[in-house]
Amino acid sequence: MKILICGAGQVGYGIAEQLSIQKNDVTVIDNYADLIENINKSLDVRTIRGNGSYPEVLDEAGAGGADVIIAVTQFDEVNMVICHIAHILFNIPTKIARIRSNNFLNPEYENLFTTDNIPIDVLISPEREIGESILKNLALPGAFEILEFADKRISLLGVSIDESFDLVNQSLGSLTKQFPEVTCTVVGINRDAEIIVPTQKDVIRLNDKIYLICDSEHVKRVLTILGHRETEAHNIIIAGAGNVGSYLAKSLESSNSNINIKIIELNKDIAQKAATELGKSIVLNGNVLDKNLLEQAGITRSDAFVALTNNDNVNLISSVIAKEMGSKQTLTLLTDNNYNDLQSKLEIDTFINPRATTISSILRCLRRGRIRDAHSLYNGEIEILETEVVEASPLIGKTIKEADIPDGLRFGAILRKESVIRPDGDTRIELHDRIVLFSLADSIHDVEHLFRTSQDYY
């Protein structure tokens, strides 16, 4: 595919990196010379310095022959203009835009983004997606990653293995035999910063971070088996009352009446605005790094501390302080991937990466073949995909053993009609199976090929 990306910040860079690895024809447009230079040094893509909302710049970038345009500049209004020009002047088939402000996302404005008005085919709202992700983590505090697939019938969990798991050093095959009633497959292991696609002979070790795909009805049972018996959070402290913090508080207020929320916000105007808009939440104006203020907010009794300020350093330090003062769980928003290795050292339970969230949202719109959903994890090294088996798939009628699945892929679960199946080597693939699988980034092309929509797709 020929893809234009407007915006060379962290998100634009990440998308360009992923799409170029997969041999797409990518052009990145940005007005800032340092961002363009950074991409030129690191990625095998074409770059153009200029304003992506200018027709002549889009024309120079080859917009007339583009399949997709992705507008991820830092300004919502610019992203909208880019998509409008791409539609009117260049007839680009697929237009994707990041829209961050809640002012544009109000349900009463749902007709705003249509072909006849502002022609955006796919609207990405990272703040809302981050908020939804945090809600899942608060409901299941034993997992650092929670994703849902196949109409929420299948879930992916990321779980850290600590001393509470008393079955360490046992093979995956042995664990499967011990818990035959649980529909669950370990599809990936992060061990010492190396990603392993395991077999039944591999073992789970202390300090592993494992990825599992399971029947959604078995999620709590799986967490219990792995030694995680944490309860759902009810006393929650949020640092930051910006778009994400306010959205999270509103969602928590509407979803659970038995919940206590306190928000700490440094900016007085933002704090007052949040206090006016929220119903039950208590908003405190002050510095989240102030231990006295944290104590006043009830940090020693809190089930969860969620750091959502626009400063990575503040988020990190406040999470460490909150943990030391007694918060049971910490969730920390980080925009800089260089901090990811600090998670275990600082004992932070969950890192929230807005860049990864946005990239996942965009990639799931671009995958070829019959791929229904896609999520990028671990700095783009991993993808979790939901696929559907169609008539052209070479898998139909074969067992997984016969299909000769590449080493970088692992099938996690199959939704067949109304049943969730844990696949093994003898499982035979049928037409219309919905398969959730784990893939290393360099194996994505194999997935697209296996689930292609026609025999001559490639």
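Observations on the model:
- Rounded to 5, percent antiparallel among DSSP beta bridges of the chain: 55
- Over the range 235-328, relative contact order from alpha-carbon pairs under 8 Å, at least 6 apart, %: 33
- Its residue count N fixes a reference of 2.2 N^0.38 Å for the range 84-170, and the Cα radius of gyration divided by that reference is 1.64.
- For the chain, cysteines whose Cβ has no other cysteine Cβ within reach (under 4.7 Å): Cys6, Cys83, Cys365
- Entries in Lys2/Lys152; Lys250/Lys323; Lys23/Lys136; Lys268/Lys323; Lys345/Lys401 that, when Cα-Cα distance is taken, lie over 29 Å: Lys2/Lys152; Lys23/Lys136; Lys345/Lys401
- The simple spin-label model puts a point 7 Å past each Cα toward its Cβ; for Asn38 and Thr176 those points are separated by 4.4 nm.
- The range 130-225 pair-distance distribution - Cα-Cα, 10 Å bins, rounded %: 16, 51, 30, 4
- With semi-axes defined as the square roots of five times the eigenvalues of the C-alpha gyration tensor, the equivalent ellipsoid of the range 2-124 measures 23, 15, 13 Å, largest first.
- Of interest is the spacing of the C-alpha centroids, which for the range 242-298 and the range 1-38 amounts to 36 Å.
- Surface/4 estimate of mean projected area, convex hull on alpha-carbon atoms of the chain, nm²: 22.3
- Cα gyration tensor shape of the range 357-450, rounded if a/c is under 1.5, else prolate or oblate by comparing a/b with b/c: prolate
- In straight-distance terms, cross-link reach from Lys280 covers every one of the aspartates and glutamates whose alpha-carbon lies under 13 Å from its own, apart from those fewer than eight places away in the same chain; here that gives Glu253.
- Scattering profile of the range 235-328 at q = 0.11, 0.19, 0.22, 0.25 Å⁻¹ [log10 I(q)/I(0), Debye over alpha-carbon scatterers]: -0.25, -0.79, -1.07, -1.37
- Extension gain from Asp407 to Ser255, taking 0.36 nm per residue of separation minus the Cα-Cα distance: 50.5 nm
- Using a cutoff of 8 angstrom between alpha carbon atoms and counting only pairs six or more residues apart, the relative contact order for the chain works out to 11 percent.
- Where N is the number of residues in the range 190-266, Cα Rg divided by 2.2 N^0.38 Å: 1.56
- For Ala241, net neighbour charge (Lys/Arg +1, Asp/Glu -1) across residues whose Cβ lies under 15 Å away: 0
- 222 nm mean residue ellipticity, helices alone, for the chain (DSSP H n ≥ 4; -39,500 (n - 2.57); rounded to 500): -9000 deg cm²/dmol
- Rounded to 0.05, the FRET efficiency of the Thr300 and Lys280 pair, given R0 = 25 Å and the Cβ-Cβ distance, is 0.75.
- Take 423-432, 100-109 and order them by the average number of nearby Cβ atoms within 10 Å per residue, most first; the result is 423-432, 100-109.
The numbers here are math on the coordinates, done by the rules we state, and not lab data. Note that the structure is predicted; figures quoted are calculated from it, not measured. Please note: Cβ atoms are built from the backbone with ideal geometry, for glycine as well, and neighbour counts cover all protein chains shown.
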